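First comes the structure, then the notes that go with it.
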Amino acid sequence: MGQPTHARNTGWWRSAVIYQVYVRSFADGDGDGTGDLAGVRARLPYLAELGVDALWFNPWYLSPMKDGGYDVADYRAIDPAFGTLAEAEKLIAEARELGILTIVDIVPNHVSDQHPWFRAALAGGPERELFHFRRGRGELPPNAWRSQFGGPAWTRVEDGDWYLHLFAPEQPDLNWAHPAVRQEHEDILRFWWERGVAGVRVDSAALLVKDPLLPDFTEGRDPHPYVDRDELHDVYRSWRAVADEYGGIFVGEVWLPDTERFARYLRPDELHTAFNFAFMACPWDARRLRASIDGTLAAHAPVGAPATWVLCNHDVTRTVTRYGRTDTGFDFAAKAFGTPTDLALGTRRARAAALLSLALPGAVYVYQGEELGLPEADVPRDRIEDPMHFRSGGMDPGRDGCRVPLPWTSEAPHAGFGSLEEPWLPQPAGWSAYAVDRQRDDPDSMLALYRAAIAARPVFGDGPLTWLPSPDGVLAFARAEGVICVVNLAATPTELPARHELLLSSGPLDDRGRLPQDTAAWLRA
Ligand code: NOJ
């Protein structure tokens, strides 16, 4: 993409490589055990060298951290554990000087229970209207909705009323039928765009609007009382108008199985992009991956939006671990302690998947540590912080296993994360083996593969994808200018097309120049 001029819609987001920074676990600049903005600023050269176009920061706002910062107490302040607003402004500017844009994460569905609005609501003020407070049904909550983290979606307050929270009780849902809620979020968007950010991720984007009658959910009955309601599109149309004033873009967190409903969020006057969770959850299976890619492209084409390609994020099992299991798909409900994993196999597949996703048309998200091939860590039960674990009655391992502090320097304490004492989540034994300094000069490392692939990716241009004839279990497609990508998921090695130069491969070819199982290659005519 080169040096960005101004964040006008130059289209950078249509094919960008976007690196997700989970600040808490990226790098600890002040040594207190928690990653921070100082840590990110010090590592900007690393990100520039990796070649990414933009950074998406998980919420960095003032927060009691009951859900890793997705419980926001003040959307205009940086949490003191991370730094200050002035530092965030410096970080945004410094990144931009290196050609890297910034995406912030806005959480519109809910606030922290420490947010001034909710405190005033608890004190009995008119702010109750900004949330969903209701009388119960006798001793029962107003309806039977379940929290996404398990347990009831209602908590009772002192005067007997209940309030709705689709996530943890410390995350009360806002009432999007109230004009003040809409006004406040448009102001928050302006606040960040005025600070130079190029984009906004929209958390839980399909959940904001609730049926005002709050009816119980009946399987198969449309519309759903709180998922994907039509009224949402009006919200995003007005957000888009604000974004356009600044040339800012959106990426929506839209989990919807119906691709046609999904694509509605990406109409030209709504969100620019949304995460492709169908691809992220897809098992390592050639037929299913091809169907997922085709389904994605077919869904995006009519609305003219670019696809995104995601292999993991801060909510799901890390890629090398997922691909090293019998079930290589992702499903929250299937998470369990002690799932057998073959990390060597998973790593081989994750390398091939990196070349696959970086060759597809659209934007690619890379979650911090993915470029190091980090596995999901086993976090000791007494150190787990994720509410998902607790609200499952301790059955679900939760999401902390993909949030463990990054290893930077193998010989330094805490693998060079920067903490003087134990970091907020413990790093497992052997974490230093993945450290950046170990991988930097090793041409066979995951880091070297990501760097080489991101650097070479522009050869694919932004044209369409054309499938090439290939044996069962092999994905082969051409992009612009005769550049092709071949991924072999079959047990037998596959011939590569003749008269093509090998640009990059995720692993060695066999002694007859064929592409082995779980390996990908990029070639040029
Ligand atoms: C989605 C975020 O990615 C996740 O981490 C969070 O727990 C929920 N939304 C609630 O904000």
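Coordinate-derived values only; no laboratory data. For clarity, every value in this text was computed on a predicted model and none was experimentally measured. Note: ideal-geometry Cβ built from the backbone for every residue, glycine included; neighbour counts use all protein chains shown.
Structural remarks
- Ranked Trp60, Trp239, Trp193, criterion: other C-beta atoms within 10 Å, fewest first: Trp193, Trp239, Trp60
- Averaging the Cα positions of each part gives two centres, and for the range 75-94 and the range 163-236 these lie 25 Å apart.
- Angle between the chain longest axis and helix 446-456 axis [Cα atoms, degrees, rounded to 10]: 80 degrees
- Sequentially through the range 278-284, phi angles give Karplus couplings (6.51, -1.76, 1.60; θ = phi - 60°) of 4, 5, 4, 8, 6, x, 7 Hz, Gly and Pro residues having no value and appearing as x.
- Shown for Asp228, Asp437: other C-beta atoms within 10 Å of each C-beta, ranked fewest to most, produce the order Asp437, Asp228.
- For the range 280-353 versus the range 451-525, the spacing of their alpha-carbon centroids is 19 Å.
- Taking the range 362-402 and dividing mean pair separation by its residue count, relative contact order in percent (alpha carbons under 8 Å, at least six apart): 37 percent
- Helical runs (DSSP H, four residues minimum) scored at -39500 (n - 2.57) apiece and divided by the length of the chain put the mean residue ellipticity at 222 nm at -7000 deg cm²/dmol.
- Its relative contact order, with pairs defined as Cα atoms under 8 Å and 6+ residues apart, puts the chain at 13 percent.
- Distant-in-sequence amide H partners of Ala307 (H built 1.01 Å from N, under 5 Å): Ala363
- Exposure proxy order (Cβ contacts within 10 Å, fewest to most) of Phe118, Phe133: Phe133, Phe118
- Taking the Cα centre of the chain as origin and assigning +1 to Lys and Arg Cβ atoms and -1 to Asp and Glu Cβ atoms, the resulting dipole is close to 1200 debye.
- Environment charge of Asp216, counting only residues whose C-beta is closer than 14 Å and scoring Lys/Arg +1, Asp/Glu -1: +3
- GluC sites (Glu not before Pro) restricted to the range 92-140 and DSSP loop, no more than 14 other C-beta within 10 Å: Glu139
- Evaluated with a Cβ-only charge set (Lys, Arg +1; Asp, Glu -1), the range 460-524 carries a dipole of roughly 120 debye about its Cα centre, given to the nearest 20.
- Taking amide H atoms as placed 1.01 Å from N in the peptide plane, the amide H of Trp56 lies under 5 Å from those of Tyr19, Gln20, Val21, Ile103, each 5 or more residues away in sequence or on another chain.
- Largest first and in whole Å, the equivalent-ellipsoid semi-axes of the range 460-524 read 19, 13, 9, each the square root of five times a Cα gyration tensor eigenvalue.
- Estimated vicinal HN-Hα couplings, Hz - the range 367-384 in sequence order (Karplus 6.51, -1.76, 1.60; Gly, Pro = x): 8, 3, x, 5, 6, 9, x, 4, x, 5, 8, 7, 8, x, 3, 7, 10, 5
- Overall form of the chain per C-alpha gyration tensor (a/c, 1.5; a/b vs b/c): prolate
- Here the relative contact order of the range 460-524, from alpha carbon pairs under 8 Å that lie six or more residues apart, stands at 30 percent.
- The range 20-155 - charge dipole about Cα centre, Lys and Arg +1 at Cβ, Asp and Glu -1, debye rounded to 20: 700 debye
- Applying both filters, DSSP loop and at most 12 other Cβ atoms within 10 Å, to the trypsin sites (Lys or Arg not before Pro) of the range 427-525 gives Arg499, Arg512.
- Those trypsin sites (Lys or Arg not before Pro) in the range 64-171 that DSSP places in a loop and that have at most 16 other beta carbons within 10 Å: Arg135
- Degrees separating the helix 232-246 axis from the principal Cα axis of the chain, which is the longest one: 70 degrees
- Positive-end residue, the chain charge dipole about Cα centroid, Cβ charges, pick of Phe217, Pro428, Ile484: Ile484
- C-alpha long axis of helix 343-359 to longest principal axis of the chain, angle in °: 90 degrees
- Here the Karplus relation 6.51 cos²θ - 1.76 cosθ + 1.60, evaluated at θ = phi - 60°, turns the backbone of the range 405-417 into coupling constants of x, 5, x, 10, 10, 5, 8, 7, x, 6, 6, x, 4 Hz, with x for every Gly and Pro.
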